[in-house]
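Structure record follows, encoded as structure tokens.
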Amino acid sequence: MSQARELVAALLAAHDPATSERLEFLRARFDAGLAWVHFPVGLGGLGAARAVQQEVDEALAAAGAPDNNPRRIGIGLGMAAPTILAYGSAEQHRLLRPLWTGEEVWCQLFSEPGAGSDLAALATRARRDGDDWVVTGQKVWTSSAHNARWAILVARTDPDVPKHAGLTYFVCDMTAPGVDVRPLRQITGEAEFNEVFLTDVRIPDSYRLGEVGDGWRVAQTTLMNERVAIGGRAVAREAGMIGVVAETWRAHPDRRTAAAHDRLLALWVEAEALRLAGVRLRQQLAAGSPGPEGSAMKLGFAQLSQALSGFEVEFLAEDGLRYDDWTMRRPELVDFTGRGAGYRYLRAKGNSIEGGTSEVLRNIIAERVLGLPAEPRVDKDVPWKDLPR
Amino acid sequence: MSQARELVAALLAAHDPATSERLEFLRARFDAGLAWVHFPVGLGGLGAARAVQQEVDEALAAAGAPDNNPRRIGIGLGMAAPTILAYGSAEQHRLLRPLWTGEEVWCQLFSEPGAGSDLAALATRARRDGDDWVVTGQKVWTSSAHNARWAILVARTDPDVPKHAGLTYFVCDMTAPGVDVRPLRQITGEAEFNEVFLTDVRIPDSYRLGEVGDGWRVAQTTLMNERVAIGGRAVAREAGMIGVVAETWRAHPDRRTAAAHDRLLALWVEAEALRLAGVRLRQQLAAGSPGPEGSAMKLGFAQLSQALSGFEVEFLAEDGLRYDDWTMRRPELVDFTGRGAGYRYLRAKGNSIEGGTSEVLRNIIAERVLGLPAEPRVDKDVPWKDLPR
Amino acid sequence: MNLLYSDVETDLRASVADLLGDHSTDLWPRLVQVGAHALHVPEELGGQGASYRETAVVAEELGRFVSPVPFLTSAVMATAALTHLVDDPRARDLLQRLASGSATAALVVPLSSWDSWPDGSGLVQSVAGALTADVLLVPIEGRLHLVPSADATVTPVVSFDNSRPLADVDVSGSPTTALSGPGDAAVRAALVAGAGVLASEQVGIATWCLDTTVAHLKDRHQFGRPLGSFQALKHRVADLWQSLVLARATARHAATALTTGDDTPIAVSVAQSFCSPVAVRAAEESLQLHGGIGMTWEHPLHHYLKRAKANEIALGTPARHRATLAPLVDLPGPVGAFSGAPPSPTVVP
Amino acid sequence: MNLLYSDVETDLRASVADLLGDHSTDLWPRLVQVGAHALHVPEELGGQGASYRETAVVAEELGRFVSPVPFLTSAVMATAALTHLVDDPRARDLLQRLASGSATAALVVPLSSWDSWPDGSGLVQSVAGALTADVLLVPIEGRLHLVPSADATVTPVVSFDNSRPLADVDVSGSPTTALSGPGDAAVRAALVAGAGVLASEQVGIATWCLDTTVAHLKDRHQFGRPLGSFQALKHRVADLWQSLVLARATARHAATALTTGDDTPIAVSVAQSFCSPVAVRAAEESLQLHGGIGMTWEHPLHHYLKRAKANEIALGTPARHRATLAPLVDLPGPVGAFSGAPPSPTVVP
């Protein structure tokens, strides 16, 4: 801990945040091992405990140091980096520095129109051609694709084996020929995500992460880190959607009814319960016994956001009939609670779909947490190409 | 229609309700074909349309004629009789007259501790012995068993074939040696149902209904009539549980809150919607296009009873903490809305289990009404004796 | 009270569905051509002389197609208001123009109005049907006034439900013609008729959502099986179907009650408060069960979600209709308590 | 605020569970023997000097076993009331008797009391713990009075929850001893402590219901498969588990807040209003998922259903706790509206 404190002091001494150029400072921070302290030395870390990070972040923030705008590069930090670290070659590890500083934005090419919850059924094909792979297929729900320099990609390299066995994991250059990014407009009017069409995109074999056919296992590392990221945020009382809706309530004494009052209080209590469960989950993580409560958090978050935003639109009555703007925007960051009540209502519908549907979460809870038997599976031993679609 | 009217007049002329003995009148009514007019002539009917019955009932009621107390003999009327009519021999048809007059009460020996929703998995064995069958097993949830002269019984005659194929349907004499009826106490404190233990009970083969091995198909006739009976009742606005709970509300102005008010109104609206759906269902039946809405009625009835009775207990607060009586009663008739709020709450829990669980109803709706594919079945082609239990 | 669909109504549904399914031409003139816009208007006023039962069947179909036509606003609400004032020849004339299809009208109240509405002498926000109406019906000081929309300031607003676009309307300074007769009662009649028919529209929306979801669940495979073979999803659509059975009965009852005048206030508020939550839930469940595709602008689902949710507010939220019911069904609230409906700036009885 | 279970608490849970699982002996003396009845009582008053956090763990276990012991009524509520009046030596004496296990006491208010309670000079209905208590604590005219139960009329009532039997209590005409100090505040402290601890009891009930249901679903086969392999049932128990994760966090927070005095009113009302519906739903779902066997007197499930439902009323219904929260979290109701809690015949602040 004192090592980290010393390194922070040294970094600040060498690069006064007040005068340093932002990128220069971030690169220096990475090189000092203060980017993600639990990463190995040389890759932006110190091989230290995760818990040390918070202290480093706070000390640097207190000194007015710039950060790497983590929300903007969430997929790189939360999903690509841990996977590259776990499976990457030394050459691939060089991708981590510009990833962390935000010089290079990453996106994720996993979901497909035909493979949502059943991700392992994905159809994007990668065929070996000399030292390259040639990739063709369609990906969807890709945030940041239009800004991204790199993508993590899972593609099917062998359709003749059962679906989980025929996948391989790649790093994909988003500037390569054959990569076509098109905005995907949502029910909110925004195009927060993209569709990505891959047509004979050549990926060098050296961009492969993990073994051929091992893509499913590699992807699990990515997805597990996504779940941790979702469950791990600390929130203050009345933060997020409940805060916005409570403010709406306070601002409109004339619209209040006693029945709506009880309903809002019930939602407030639920939000507080969810917050406390989050506090407890983080305490469990800190105590080294993570537990499966993260899936409870995600389920609850989606339910609550939807209930609250639905309540707000109805509460606003006449005003709830209006919308702020239907023009197709391309927001750089998602803000579930931003814009108007109508936007919040519509955007919240995605919360129970993105990052694992609530139905898949319930399956996971029932089988992995409660130990209930799996349903009969019909697709385990069938070659992917023979599966009904 | 005018034939029925004439017969009613003749019956009343020959047997003045004011002076006739009740049973004598009922027998005469049966013999006049006015018991169930849609049954064949000679079996209490006229071979007339079902719709004629209402007119007959009303005319007789208006003349002060006694009825056969249909609620007391509901299983005989609703389940046994249609099955005996459909599958019975001439000898068996003779059971119909004392069944209809109520001289002989019937009960149903279908459910078993190990076979609830999966009725076809039942284990009660019937072994052929000369002209008899020898039956051993345990049945449960048998209402009226302690008053019953006869039972309809499904038993397994062949354990070596898949479960549906090895069943046979019998009429069982409840006074036969080896029939042991024990009260089954419920969470309400009452023993409304019984367990029936059958030990080497001898049933003559002449008491078999339908072919050996055809018991499942015969039982379908019984169960289909049960469902019709449940869905078919006419109710007035605010009848049943909503009426009781509304009265509780009206009686306690001091306990009312605005939030409870809105909740009660929502339940009132739901009760009215269910009532209107029932009206519509009966109109469909009358128009000759029954439709599957009966299952919607039963689902909705259970949900609503449970929501209303739960609301009432909470609304009564301090009074909801008290119960009327825990002594084990043996009620002859079930009254879901009788006794106190606590009784209503507990008894309503059975509404989503008895006569087909809500889960089974949802399966039926999804598969038979909406045409969704069945789940993978693992028990279709397996001999009953090899099924996991 | 017959809650079934008659053969005539079933035929009507089929012909309206045919018409709405063909997106190539402007819908409203074709609806007018088949007389769907004037079903419950008496023949002597140029209508079809049918009833609200047929009108409700058309509303169901318009819900099933989320059609952007001024049916509710002109053919139902404005028509109901004018019918109430038909002793005034100017009302009668306009009614005949509406029935002939040569004009549409809109009542100048916020679409959310139920038991109160603002006086129309100032700015009135979130008015449905005003953008395309030829004539505006404006409640001012207890009278209904006619204002040619060309004389009024009608400003489009960005609407949550684009299939029923709203406008802010200002007639201050416009020449207006006051109709004789009870204007407030006419507005009330329009709101009651609108609310009763809107329940059928919600049933139509829920029907589309259920049908579309069932079809999707049969078609879409995940884990080597059709989605529709997963029991958790089956039970959810079974529950939706169950709710829809009840909703349909309430909507049919409301349409019948509007026709006979029997039990109307209870029937309408029961239907409104029951059908809206069913439609919203149907749309929300439909979206969830469609997964990501349901979140896209490209898929038609969002039009249904937005219309169902806007309809939940339109002509009284479910909670307001429940508050309306309380005295009608003798279920009084707490002693000395607030009635449940928020006060409006300018309340007209 | 630490919301986890400490090692000490986990050990405590295990020893209490061992004890409660053994039905052969009278439970209360054995709980007294391990000191579970006086955990949060300071050592100088003969208690264990632990905190409400440990007390809440015991309450969880008592919920898991639906144990019929006067823990909530004497060890939590009467103890909290007396602790508040400890400057009076008679209160101190009684507290020490309770802590030593030689007596139990009960507060004479209806078990449903929360923000108001009747004056104890007349008949008080539905009092918990009074049947077995040695001493009754009776709020009369702002003071807490001690009445030996032998001197009072304590009439058993048929209780919905037989595991916490109620009585009607009448001390009119009995000799009473008024304790000095603020009696109303003492009653309030007892109700707050009771409500906070009761949330943990509800968590224990819900835990048993979930565990028992999961075990049943694994064991019971229908259609050739374990019930637990049916997705619709899996999703329902997954949802229960999810609610229980949240409920446990609120109950732990309430126990911590009772210990630290920090955030207590909000923490207690959040926990009470959240945990009761979870426990009731857990018991109701458990019954449904057990099918017929759950409807029998023979199966233990009904004890949990009855206790959970009675607990929902005890020490304030969820709706009353939400009404309590409103001003604390700055969410005021409609202007001029009724607060949501029904008036009581005799209201004491």
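The values are calculated or read from the model by the stated rules, or taken from the named source; none is laboratory data. The shown structure was predicted, so the numbers you read here are calculated from the model rather than taken from an experiment. Glycine also receives a Cβ, built like all others from the backbone with ideal geometry; neighbour counts cover every protein chain displayed. Areas reflect the complete protein model, heavy atoms only, side chains present, ligands, DNA and RNA absent. Shrake-Rupley method; radii C 1.70, N 1.55, O 1.52, S 1.80 Å.
Can you find even one residue in region B:352-359 that is facing another protein chain (nearest Cβ under 7 Å) and touching a His at 6+ places or on another chain (Cβ under 8 Å)? There is at least one residue in region B:352-359 that is facing another protein chain (nearest Cβ under 7 Å) and touching a His at 6+ places or on another chain (Cβ under 8 Å). Screening D:ARG248 on (1) more than 9 Å from every other protein chain (Cβ to nearest Cβ); (2) farther than 24 Å from B:THR357 by Cα; (3) of a type in the set (Lys, Arg) shows it passes everything except condition (1).
The sole residue among D:VAL280, D:VAL268 that is closer than 13 Å to B:LYS349 by Cβ, of a type in the set (Val, Ile, Thr) and touching a residue at least 12 places away in the same chain (Cβ under 8 Å) is D:VAL280.
Among the residues of region A:247-273, those identified as closer than 19 Å to D:THR250 by Cα and open to solvent by less than 20 Å² (accessible area, probe 1.4 Å) are A:LEU264, A:LEU265, A:LEU267, A:TRP268, A:VAL269, A:ALA271, A:GLU272, A:ALA273.
Can you tell me which residue in region C:1-13 is most open to solvent (accessible area, probe 1.4 Å), limited to those that are assigned to a helix (DSSP H, G or I) and within 14 Å of chain B (Cβ to nearest Cβ)?
Within region C:1-13, the first condition is being assigned to a helix (DSSP H, G or I), and the residues that meet it are C:7-13.
Imposing the further condition that a residue be within 14 Å of chain B (Cβ to nearest Cβ) reduces the set to C:7, C:9-10.
On the way: C:ASP7: 122, C:GLU9: 3, C:THR10: 66 Å².
Going through the qualifying residues, I end up with C:ASP7.
Looking at A:ARG330, A:ARG339 in this structure, which one is modelled with pLDDT of 90 or more, assigned to a loop (DSSP other than H, G, I, E, B) and crowded, with 18+ Cβ neighbours inside 10 Å? After applying the criteria, what remains is A:ARG339.
Consider region A:1-56. How many of its residues are among the aromatic types (Phe, Trp, Tyr) and either assigned to a helix (DSSP H, G or I) or loosely packed, with under 12 Cβ neighbours inside 10 Å (or both)? Spell out how you get there, then give the answer.
The first filter runs over region A:1-56 and keeps only residues among the aromatic types (Phe, Trp, Tyr), leaving A:25, A:30, A:36, A:39.
Next, from what is left, pick out any that are either assigned to a helix (DSSP H, G or I) or loosely packed, with under 12 Cβ neighbours inside 10 Å (or both): A:25, A:30.
Of the residues in that region, 2 qualify.
Considering region A:313-327, the residues that are assigned to a loop (DSSP other than H, G, I, E, B) and either in contact with a Ser or Thr (Cβ under 8 Å, 6 or more places away or on another chain) or not hydrophobic (A, V, I, L, M, F, W, C) (or both) include one that is nearest to the other protein chains (Cβ to nearest Cβ), namely A:TYR323. Taking the criterion of being of a type outside the set (Gly, Ala, Ser) and within 14 Å of chain C (Cβ to nearest Cβ), the residues of region A:109-133 that qualify are A:PHE110, A:GLU112, A:PRO113, A:ASP118, A:LEU119, A:LEU122. The residues of region B:145-200 that are touching a helix residue (DSSP H, G or I) at 6+ places or on another chain (Cβ under 9 Å), on the phi < 0 side of the Ramachandran plot and part of a loop (DSSP other than H, G, I, E, B), listed by number, are B:ALA148, B:ARG149, B:THR157, B:ASP158, B:PRO159, B:ASP160, B:VAL161, B:ILE187, B:THR188, B:GLU190, B:GLU192. Residue check: B:THR142 meets all listed conditions (1) surrounded by fewer than 22 Cβ atoms within 10 Å (Cβ to Cβ); (2) modelled with pLDDT under 95 but one, namely (1). Taking (1) within 22 Å of B:PRO159 (Cβ to Cβ); (2) in contact with a helix residue (DSSP H, G or I) (Cβ under 9 Å, 6 or more places away or on another chain); (3) outside any loop (DSSP other than H, G, I, E, B) in turn, B:SER206 satisfies each apart from (1). For region B:313-327, enumerate the residues that are of a type in the set (Val, Ile, Thr) and open to solvent by 20 Å² or more (accessible area, probe 1.4 Å). Within region B:313-327, B:THR327 is the sole residue that qualifies. For region C:17-40, what are the residues that are under 17 Å from the mean Cα position of the chain (by Cα) and within 26 Å of C:GLY261 (Cα to Cα)? Once the filter is applied, which keeps residues that are under 17 Å from the mean Cα position of the chain (by Cα) and within 26 Å of C:GLY261 (Cα to Cα), region C:17-40 yields C:ALA36, C:HIS37, C:ALA38, C:LEU39, C:HIS40.
Could you pull out every one of the strands (runs of 3 or more DSSP E) wholly within region D:56-172 that has 2 or more residues that are touching a strand residue (DSSP E or B) at 6+ places or on another chain (Cβ under 6 Å), within 27 Å of B:GLY189 (Cβ to Cβ) and open to solvent by 10 Å² or more (accessible area, probe 1.4 Å)? Outline the logic, then answer.
Values: elements: D:105-107, D:123-128, D:135-140, D:143-148, D:153-156, D:166-170.
Hits in region D:56-172: D:123-128, D:153-156.
Using the structure shown, decide if D:ILE293 is facing chain B (nearest Cβ under 9 Å), of a type in the set (A, V, I, L, M), over 16 Å from the mean Cα position of the chain (by Cα) and closer than 24 Å to D:LEU210 by Cβ.
On the way: facing chain B (nearest Cβ under 9 Å): yes; of a type in the set (A, V, I, L, M): yes; over 16 Å from the mean Cα position of the chain (by Cα): yes; closer than 24 Å to D:LEU210 by Cβ: yes.
The answer is yes for D:ILE293.
Within region A:278-287, is even one residue among the small types (Gly, Ala, Ser), away from chain B (no Cβ under 14 Å), farther than 25 Å from A:TYR343 by Cα and open to solvent by 10 Å² or more (accessible area, probe 1.4 Å)? Yes, region A:278-287 contains at least one residue that is among the small types (Gly, Ala, Ser), away from chain B (no Cβ under 14 Å), farther than 25 Å from A:TYR343 by Cα and open to solvent by 10 Å² or more (accessible area, probe 1.4 Å). Evaluated against (1) open to solvent by 10 Å² or more (accessible area, probe 1.4 Å); (2) small (Gly, Ala, Ser); (3) more than 10 Å from every other protein chain (Cβ to nearest Cβ); (4) closer than 24 Å to B:GLY116 by Cβ, D:ALA185 falls short on exactly one condition, (4). A count restricted to region C:14-44 and to residues that are modelled with pLDDT of 90 or more, open to solvent by less than 50 Å² (accessible area, probe 1.4 Å) and over 19 Å from C:ASP93 (Cα atoms) stands at 8. When A:THR157 is tested against (1) within 22 Å of the chain's Cα centre (by Cα); (2) modelled with pLDDT of 95 or more; (3) open to solvent by 10 Å² or more (accessible area, probe 1.4 Å), only condition (1) is not met. Which one of A:GLY338, A:GLY300, A:GLY350 is more than 18 Å from A:ARG255 (Cβ to Cβ), touching a helix residue (DSSP H, G or I) at 6+ places or on another chain (Cβ under 9 Å) and free of Cβ contacts under 8 Å to residues at least 12 places away in the same chain? Unique residue meeting the criteria: A:GLY338.
Report yes if some residue within region B:169-177 is open to solvent by 40 Å² or more (accessible area, probe 1.4 Å) and more than 30 Å from D:GLY316 (Cβ to Cβ); otherwise report no. Checking region B:169-177: at least one residue is open to solvent by 40 Å² or more (accessible area, probe 1.4 Å) and more than 30 Å from D:GLY316 (Cβ to Cβ).
Checking the condition within 30 Å of B:GLU318 (Cβ to Cβ) and within 14 Å of chain A (Cβ to nearest Cβ), which residue from B:ARG263, B:ARG255, B:ARG250 passes? Break it down into steps so the answer makes sense when it comes.
Details: B:ARG255 fails: within 14 Å of chain A (Cβ to nearest Cβ); B:ARG250 fails: within 14 Å of chain A (Cβ to nearest Cβ).
Of the residues listed, the single one that is within 30 Å of B:GLU318 (Cβ to Cβ) and within 14 Å of chain A (Cβ to nearest Cβ) is B:ARG263.
Residues that are crowded, with 21+ Cβ neighbours inside 10 Å, farther than 12 Å from D:GLU285 by Cα and more than 13 Å from chain B (Cβ to nearest Cβ) within region D:209-243 comprise D:GLN242, D:SER243, listed in sequence order. Of all the numbered requirements in (1) more than 29 Å from A:ARG282 (Cβ to Cβ); (2) surrounded by 18 or more Cβ atoms within 10 Å (Cβ to Cβ), A:VAL218 misses one, and that requirement is (1). Among the residues of region D:298-319, are any within 30 Å of D:LEU233 (Cα to Cα), more than 7 Å from chain B (Cβ to nearest Cβ), touching a His at 6+ places or on another chain (Cβ under 8 Å) and hydrophobic (A, V, I, L, M, F, W, C)? Scanning region D:298-319 turns up at least one residue that is within 30 Å of D:LEU233 (Cα to Cα), more than 7 Å from chain B (Cβ to nearest Cβ), touching a His at 6+ places or on another chain (Cβ under 8 Å) and hydrophobic (A, V, I, L, M, F, W, C).
Screening region B:297-312 for residues that are open to solvent by less than 10 Å² (accessible area, probe 1.4 Å) and within 14 Å of chain C (Cβ to nearest Cβ) and picking the one that is farthest from B:LEU274 (Cα to Cα) gives B:GLU312.
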